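Step one of this worksheet: look at the structure below.
Just so it is clear, none of the values below were taken in a lab; they were calculated from the coordinates. Not measured: the values here are computed from a predicted model. Every residue, glycine among them, receives a Cβ derived from its backbone with ideal geometry; neighbour counts consider all protein chains shown.
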Amino acid sequence: MDSLSELAKMFEQVPTEIDGHGVEISPRFKLPVVGAIYDFGSKFGATPEITAEMLRAVSDRGYIASLTFHPGTQCVDPAAWESYIRVARDICDMADVRIRRLNVGGGFPSYRVVGVEPDLEAIFDRIGSTVAEMFGQDAPELVCEPGRGLCADAFSLITRIKAIRDGSSIFLNDGVYGGLAELPIVGNIDRVQVFTPDGTLREGERSGRVIFGPTCDSVDRLPGELNLPAEIAEGDYLVFHGAGAYSTVTNTRFNGFGVMTHATVMALE
């Protein structure tokens, strides 16, 4: 809940108790913090001042009062969570309300880029220490929504090279209308392995390649260039690791492409 107008609608529709259990409402606030690929604050979240007003109204009406925030997609900086938790305490003080729960997001990053593996333990440690510092014995229960940080490495997306245009640009059998839909928004996954049709891993020197998808639309291309082995060839397989968060769920079947098969693979050798 992130606006007074929507909160008023909820008050009209939702009782304070259902089957003997209190109903919880969690106003959501936003801050201008950095560290994420993109910020949800442009669409979701209220200012701390308005959030305090909503929290006070939730408590006065007899609902269970809680708070929630989201530091932004693929956030890698523990300081973002610290900033939000400190302001959460300020909001509680402004509203003079003790919250039952604090939802800390959202935003937990996955491993997308070679050499930049997120330090989730550092994020969790900062959350714990900041909550203890700011709330002490009145610390709320913590809730989180791990999202891509939990499921990204559950899947790898296997694509195939259909054409290499004059030894430069590569055309795949999947693109931004299929399993690679979010890459133009959040950047390339460069945890990519290349296998020959007989399963041999291609290694050696890499160079940047422009990657296109299979559809008729010229925007069906990955951002920038992707570093791939120089000896790549038509018929090779490109395996994008860490694609479990948004791949099959964003497949549109545009132009008739996008048929996917799910396979359980125990190891790639």
Practice task
Report relative contact order for the stretch 155-252 in percent, whole number only (criteria: Cα-Cα under 8 Å, sequence separation at least 6).
Solution key: 43 percent
Handout entry: Taking 54, 1, 266, 10 and counting other C-beta atoms within 10 Å, the order from fewest to most
Key = 266, 10, 1, 54
Practice task
At a Cα cut-off below 16 Å, give the aspartates and glutamates reachable from residue 43, other chains included and same-chain residues fewer than 8 away excluded.
Solution key: 2, 6
Problem - Within the chain, percent of DSSP bridges classed antiparallel, to nearest 5 - result: 70 percent
Fill in the blank from the handout: One can check that the equivalent ellipsoid of the chain, built from the alpha-carbon gyration tensor with semi-axes equal to the square roots of five times its eigenvalues, has lengths in Å, largest first, of 45, 20, 16
Handout entry: Extension reserve of the residue 196-residue 113 stretch, reckoned as 0.36 nm per residue once the Cα distance is removed
Key = 27.6 nm
Fill in the blank from the handout: Length-normalised contact order of the stretch 4-150, Cα under 8 Å, at least 6 apart, in percent, tallies to 23 percent
Completion exercise
If R0 = 41 Å, then residue 218 and residue 249, at their Cβ-Cβ distance, give a FRET efficiency to the nearest 0.05 of 0.95
Handout entry: Rounded to the nearest 20 debye, dipole of the chain from Cβ charges on Lys, Arg, Asp, Glu
Key = 480 debye
Fill in the blank from the handout: Within the set 256, 128, 187, GNM on the chain using Cα springs under 10 Å gives the largest fluctuation to 256
Problem - Residue list for the stretch 74-110, given a label point 7 angstrom along the Cα-to-Cβ vector of residue 138 and an amide N cut-off under 20 Å - result: 82-104
Problem - Among 172, 99, 152 the positive-end extreme of the charge dipole of the stretch 72-186 (Cβ point charges) - result: 172
Exercise for the section: For the stretch 155-252, restrict the atom set to alpha-carbon positions and state the Rg and Dmax in Å. Expected result: 12.3, 35
Problem - Over the chain, relative contact order from alpha-carbon pairs under 8 Å, at least 6 apart, % - result: 16 percent
Fill in the blank from the handout: Computed Rg/Rh for the stretch 31-165 (Cα atoms; Rh = Kirkwood radius) stands at 1.09
